[in-house]
Every structure is written in structure tokens, then in C-alpha cells.
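We did not get these values from a lab; they are worked out from the coordinates using the rules stated. Here the structure is a predicted model, which means the values were calculated and not measured. Here Cβ is always computed from backbone atoms with ideal geometry, including for glycine, and neighbour counts include all displayed protein chains.
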Ligand SMILES: Nc1ncnc2c1ncn2[C@@H]1O[C@H](COP(=O)(O)OP(=O)(O)OP(=O)(O)O)[C@@H](O)[C@H]1O
Ligand SMILES: [Mg+2]
């Protein structure tokens, strides 16, 4: 049976010749909670960006919902797989939280009433209080900025959401809050959640596949 995401013999080479991914094979089904682990520079972020079409394969292929990322528009890809940047500050560029969350729905040219509905829904899911809607993301805590970044992705209602290093740079309490929130996204809102992380405690506590299964069954190439 085909899986929601299928990665076959994926290779990715940056313009300067860096081979970031070599023969990666991976399959992700509906409603999984997965941790993608690997050393610094092993290609986690590159892989995540290939999964939502921000980067196109140099070789092999990525199929999402049966669509080949190379021949599918970025709009069609981001509606299916959302990617929250490793550093939310690289993602947030609008003058206030509301516009930030509205950016994606506006970009796919939804009518304004639908945009409003999407923003309200996504802000509700991440627990962004209304009093912060007009606030500049810059003035929020890092934890709250991350929630805005996640809301901006959720507003496109992707089936899969990839969050790159969600707990890096957060203290222990914030890390627990973020992880609880991601678990809720998975359990209550039925998103497939993929976290990219170095934190093995998190992997042990939350992954739905054991890391060794993940390494043995789904990845080849430079991940191990
Ligand atoms: N824009 C780029 N141009 C050239 N090489 C790059 C670029 N971005 C990443 N790389 C290289 O590709 C390889 C994989 O990088 P990537 O950022 O995907 O790894 P990562 O596992 O996410 O690392 P980290 O744990 O530090 O976030 C590394 O060797 C990195 O230096
Ligand atoms: Mg990375």
C-alpha cells in the first residue's frame, strides 16, 4: 500500500557541490509522530525541505500524496506538507502576528473571509491570545514566536507538519510545552508530525517508531 510520503533513492547536491543527501529511502504514513535524528550537518534540514518541495531532488524522487515534488507546484506541495524553519526568526517577516499567519492563505489567493477563518483557527490551535494579534513577532518570547511560525504553517491546513529543531534554544519548561503542543497537534488534530531534533530524550518519549527501526527500515545513505 502506498504511503502518504515516499522518498526513493533521494539525492540532493547544493550548487557549491556539497552532497547533502545520498540515496535516502523513507516512507511516512498517515498520522505518524516521527523524530528525524542525525548529527550536525547530516542533512536533516535538507531532507525536510525536500519533503515539502522547497528543494527539488538532484536524483531520485519524493512523492507526496502521490504527487512527484519535481513536477508539482510549491503551492500544491505546501498545502500538503508544512515546514517550520529551524530558527523561526528566519520565517517571520510580517509586521504583526495576524499578517504573519494570514500570509500563506493570502498567497494561495483564498478570499479574505476564508483567510480570516484560517487565521482564527490556526491562532486558536497554537493558543495565541487575541491581544497579541497586532503585536510584532519580534516582541514575543521565543516560545510564542515559534507558535506564530507554526500557526502560519497550519493556516495552510497541511496534512503533515515538519518542525525543525523545535526545542533548540528553549529552556526545559518551554521545551515540554512545545512538545505537549506538538503531541496535541498529532493526537487531537490528526496531523502527521515530524520533528527534527538532536534531543534523544524527546525521541525516547515521543517517537511512534523506535529510532533503530527508523534507521534500519527507512533511511539509508548518510543517516544511521
Ligand atoms: N545552502 C547551502 N549550500 C551549500 N551547502 C549547504 C547549504 N545548506 C546546507 N549545506 C550543507 O549540506 C549538509 C547538510 O546540511 P543540513 O543543514 O541539511 O544538515 P542538518 O542535519 O540540518 O544540520 P544541523 O543539525 O546543523 O541543523 C551540510 O554539509 C551543510 O554544510
Ligand atoms: Mg538543520
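Would you kindly compute the Cα radius of gyration of the range 90-155 and its largest Cα-Cα separation (Dmax), both in Å?
Cα-based Rg and Dmax for the range 90-155 come out at 10.5, 31 Å.
Per-residue ellipticity at 222 nm for the chain, helices alone: DSSP H runs ≥ 4 residues times -39500 (n - 2.57), over residue total, nearest 500 deg cm²/dmol?
Mean residue ellipticity at 222 nm (helix-derived): -11000 deg cm²/dmol.
List residues of the range 139-157, by number, whose backbone nitrogen lies under 15 Å from a label position 7 Å along Cα→C-beta of residue 131.
140-141
With the cut-off at 24 Å, report for the range 1-105 the share of all Cα pairs above it, as a whole percent.
I get 28 percent for the Cα pairs in the range 1-105 exceeding 24 Å.
Please compute, over every Cα-Cα pair in the chain, the percentage with a separation greater than 33 angstrom.
Working: 3294 of 24976 pairs.
Taking all Cα-Cα pairs of the chain, the fraction more than 33 Å apart is 13 percent.
For the chain, set up a GNM with springs between Cα atoms under 10 Å and report which of 174, 15, 146 has the largest fluctuation.
15
Between 67, 36, 47, find the one with the highest GNM mean-square fluctuation for the chain; connect C-alpha pairs within less than 10 Å.
Judging by the Gaussian network model, the answer is 67.
Tally the DSSP beta bridges in the chain and give the antiparallel ones as a percent, rounded to 5.
Numbers: 13 of 27 bridges.
Here the antiparallel bridges make up roughly 50 percent for the chain.
Considering the chain as a Gaussian network with a 10 Å cut-off on Cα pairs, which listed residue, 154, 26, 140, attains the greatest mean-square fluctuation?
140
Would you order 186, 191, 198 from fewest to most other beta-carbon atoms within 10 Å of each residue's own beta-carbon? Spell out each step's value before the answer.
Working: 186 19, 191 23, 198 14.
Exposure proxy ranking, most exposed first: 198, 186, 191.
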